[in-house]
Amino acid sequence: MIVCSPMVPQDAFTDFADRYRPEIDAALAQIIDTLPSGCPAKLKEAMRYSLLANGKRIRPLLTLMAADACGAEPRSAMPAACAVEMVHAYSLIHDDLPAMDDDDLRRGQPTNHVMFGEGNAILAGDALLTLAFSVLTESLSSPRIAAECVKILASAAGPFGMVGGQFDDMHAQDGAHTIAHLESIDTRKTGALIEAALLMGAVIAEASEGQMDSLKQYAHAIGLAFQIRDDLLDLVSHASDTGKKVGKDKDQGKLTYPGFLGIDVSKRRLAELTEKATQSLSLFAAADHLKDIARYIAERRQ
Ligand code: GRG
């Protein structure tokens, strides 16, 4: 009798994530737990609460995967992986504030301002944002590479990237829009940090110009795909899956991909972007994890 193995075959992304997600969590915990005593205890607690909550760690995994695909030991990119997750955590804390999305649930737990109060949450976000840059300058061994990473992350997080995209998103209810405007918002609000995650990994691996260009194309495709999937999840999923309130985009009259083009067209665009992401990796000898995470991003349920 043939006995079938009970093991489910894992893809390259899942293998990579199983291996490195615990290391990312440990590195993030160490950053917070070894902060010098000058940091107020309550502020540290608020920073730790959101940073170490149950996130998917997509951006830090992308940093480590990009470094790996470009030929470096993934762990050499850990400071950049932590820095991008810290900027992401800050953006979520601020995004949830009453003045922004006014959410009370994030990553399956009460949002930072619900736990610590609004003022403390603003400061915890500010502290994570600024600490991210200290981590880059203090923990990357080469000052040249550290400076390059600071430039990439600052440009992605700031007015030309995530904050600018969020600003336009906030004001998108006013007036008529085009698909180009919607994609420009999503590319900056969500895609910019995803691109920074990949490019920092590549810079740390001293990637070639060709590798950098390929990763930029890949980043553009998965960044947009990530937000389209997020918009779809807000329409069709449950808070028990996503760990955050759903159905808010429609209530708030937000400009979203499915709201603008319908669910079917959005799903087709998602499939096209995933295919484009995969094709843009043709230069790499070993990038199955990046291909698989592109598929995961398009199919994820949380
Ligand atoms: C300065 C007041 C102030 C606010 C800034 C910049 C900003 C607020 C918000 C950024 C915009 C934002 C939150 C975009 C959404 C990106 C997105 C889909 C986040 C969810 O990411 P996941 O699914 O979350 O990776 P986890 O929890 O798994 O890490």
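The values are calculated or read from the model by the stated rules, or taken from the named source; none is laboratory data. Not measured: the values here are computed from a predicted model. Positions of Cβ are backbone-derived with ideal geometry, glycine not excepted, and every protein chain shown enters the neighbour counts. The area values use the complete protein model at the heavy-atom level, side chains included, leaving out ligands, DNA and RNA. Shrake-Rupley method; radii C 1.70, N 1.55, O 1.52, S 1.80 Å.
Below is a table of values for the structure above.
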quantity	calculated
Residue satisfying all of: in the range 248-260; in contact (Cβ under 8 Å) with a residue 24 or more places away in the chain and closer than 15 Å to V236 by Cβ; surrounded by the most Cβ atoms within 10 Å (Cβ to Cβ) among these	Y257
Extreme residue, farthest from S184 (Cα to Cα), among residues of the range 208-238 that are touching an Asp or Glu at 6+ places or on another chain (Cβ under 8 Å) and free of Cβ contacts under 8 Å to residues at least 24 places away in the same chain	D234
Filtered residue count, the range 275-291, keeping only those that are open to solvent by less than 100 Å² (accessible area, probe 1.4 Å), closer than 17 Å to A207 by Cα and not aliphatic (A, V, I, L, M)	2
Enumeration of residues in the range 80-99 that are in contact (Cβ under 8 Å) with a residue 60 or more places away in the chain and either over 17 Å from L52 (Cβ atoms) or outside any helix (DSSP H, G or I) (or both)	A80, D95
Members of the range 65-78 found to be part of a helix (DSSP H, G or I) and either open to solvent by less than 20 Å² (accessible area, probe 1.4 Å) or charged (D, E, K, R) (or both), listed by number	M65, A66, A67, D68, A69, P74, R75, A77
Hits in the range 181-232 - residues which are over 16 Å from the mean Cα position of the chain (by Cα) and not hydrophobic (A, V, I, L, M, F, W, C)	H181, E183, S184, E206, S208, E209, G210, Q211, D213, S214, Q217
Test result for D102, open to solvent by 70 Å² or more (accessible area, probe 1.4 Å), within 15 Å of the ligand (Cβ to nearest atom) and farther than 21 Å from A192 by Cα	yes
Set D25, D11: member being in contact (Cβ under 8 Å) with a residue 60 or more places away in the chain and either open to solvent by 20 Å² or more (accessible area, probe 1.4 Å) or more than 16 Å from the ligand (Cβ to nearest atom) (or both)	D11
Odd one out for L43, checked against (1) open to solvent by 60 Å² or more (accessible area, probe 1.4 Å); (2) more than 26 Å from A294 (Cα to Cα)	(1)
Positions within the range 79-98 being within 16 Å of the ligand (Cβ to nearest atom), open to solvent by less than 20 Å² (accessible area, probe 1.4 Å) and among the hydrophobic types (A, V, I, L, M, F, W, C), in sequence order	A81, C82, A83, V84, M86, V87, A89, I93, L97
Residues satisfying the stated conditions in the range 56-78, i.e. acidic (D, E) and under 17 Å from I194 (Cα atoms)	D68
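So that you can scan it fast, the table gives a plain yes or no per residue for (1) open to solvent by less than 60 Å² (accessible area, probe 1.4 Å); (2) within 15 Å of the ligand (Cβ to nearest atom); (3) aliphatic (A, V, I, L, M); (4) not in a helix (DSSP H, G or I):
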{"site": "P159", "(1), (2), (3), (4)": "no, yes, no, yes"}
{"site": "T187", "(1), (2), (3), (4)": "yes, yes, no, no"}
{"site": "L198", "(1), (2), (3), (4)": "yes, yes, yes, no"}
{"site": "A202", "(1), (2), (3), (4)": "yes, no, yes, no"}
{"site": "A207", "(1), (2), (3), (4)": "yes, no, yes, yes"}
{"site": "K216", "(1), (2), (3), (4)": "no, no, no, no"}
{"site": "A225", "(1), (2), (3), (4)": "yes, yes, yes, no"}
{"site": "D234", "(1), (2), (3), (4)": "yes, yes, no, no"}
